[in-house]
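Novice: The structure follows.
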C-alpha cells in the first residue's frame with residue numbers, strides 16, 4: 001500500500017498535466033504513504049480476497065461488484081488506467097444483473113420476496 005502511494009505520487013504529480021488530477025487525492029495518497037498504510041494495507045488485501053471469493057460463489061454479487069469498483073477507482077484516480085475502466089464497466093453490469101437475478105434470500109438482504117419461487121397453487125389474476 002505504501003509502495004502504491006509512493007509510486008503514484010512520484011510519477012503522477014509531475015509536469016503541466018499530472019496523472020493525478022485531484023488535489024484531495026494527492027493529499028489522501030500522501031497520508032496513506034506516511035501513516036495510513038499500516039491499517040489500509042491489510043484491509044485492502046483481505047478485502048480483495050473476500051470480494052474475489054464472494055464473486056466466484058455468487059454471494060452478495062452487487063455489493064461485492066460495487067466494492068471492487070471502489071478499488072478500481074483508486075487505481076484510476078492514481079493515474080494508472082490500464083484495464084481498470086473496463087473492470088468498472090463490468091462491475092456496473094454485475095450490479096445491474098444482480099438486481100434482477102434469482103438467488104437465495106440470505107444472499108440478497110431485504111429481497112426475500114423477489115428471490116422466492118412462485119407459488120404453484122396460486123392462480124394468476
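The values are calculated or read from the model by the stated rules, or taken from the named source; none is laboratory data. Model, not experiment: these values are computed from the prediction. Here Cβ is always computed from backbone atoms with ideal geometry, including for glycine, and neighbour counts include all displayed protein chains.
Novice: In region 1-25, how many residues are assigned to a helix (DSSP H, G or I) and touching a helix residue (DSSP H, G or I) at 6+ places or on another chain (Cβ under 7 Å)?
Specialist: Residues of region 1-25 assigned to a helix (DSSP H, G or I): 2-12, 23-25.
Add one more test, that the residue is touching a helix residue (DSSP H, G or I) at 6+ places or on another chain (Cβ under 7 Å), and what stays is 2, 5-6, 8-9, 25.
Qualifying residue count, region 1-25: 6.
Novice: For region 53-78, which positions are touching a residue at least 60 places away in the same chain (Cβ under 8 Å) and either assigned to a helix (DSSP H, G or I) or at positive phi (or both)?
Specialist: Restricting attention to region 53-78, the residues satisfying the condition of being touching a residue at least 60 places away in the same chain (Cβ under 8 Å) are 78.
Within region 53-78, no residue meets the criteria.
Novice: Now for a separate question. List the pairs whose first member sits in region 1-30 and is farther than 19 Å from residue 41 by Cβ, whose second member is part of a helix (DSSP H, G or I) and at pLDDT below 85, and whose Cβ atoms are under 6 Å apart, counting only residues at least 6 apart or on separate chains?
Specialist: Once the first residue is farther than 19 Å from residue 41 by Cβ and sits in region 1-30, its partners that are part of a helix (DSSP H, G or I) and at pLDDT below 85 give 18/12; 19/12; 20/12.
Novice: Another one. Against the definition (at pLDDT 85 or above, touching a helix residue (DSSP H, G or I) at 6+ places or on another chain (Cβ under 7 Å) and either buried (at least 17 other Cβ atoms within 10 Å of the Cβ) or over 24 Å from residue 13 (Cα atoms) (or both)), how does residue 45 come out, yes or no?
Specialist: On the way: at pLDDT 85 or above: yes; touching a helix residue (DSSP H, G or I) at 6+ places or on another chain (Cβ under 7 Å): no; either buried (at least 17 other Cβ atoms within 10 Å of the Cβ) or over 24 Å from residue 13 (Cα atoms) (or both): yes.
Criteria not met by residue 45.
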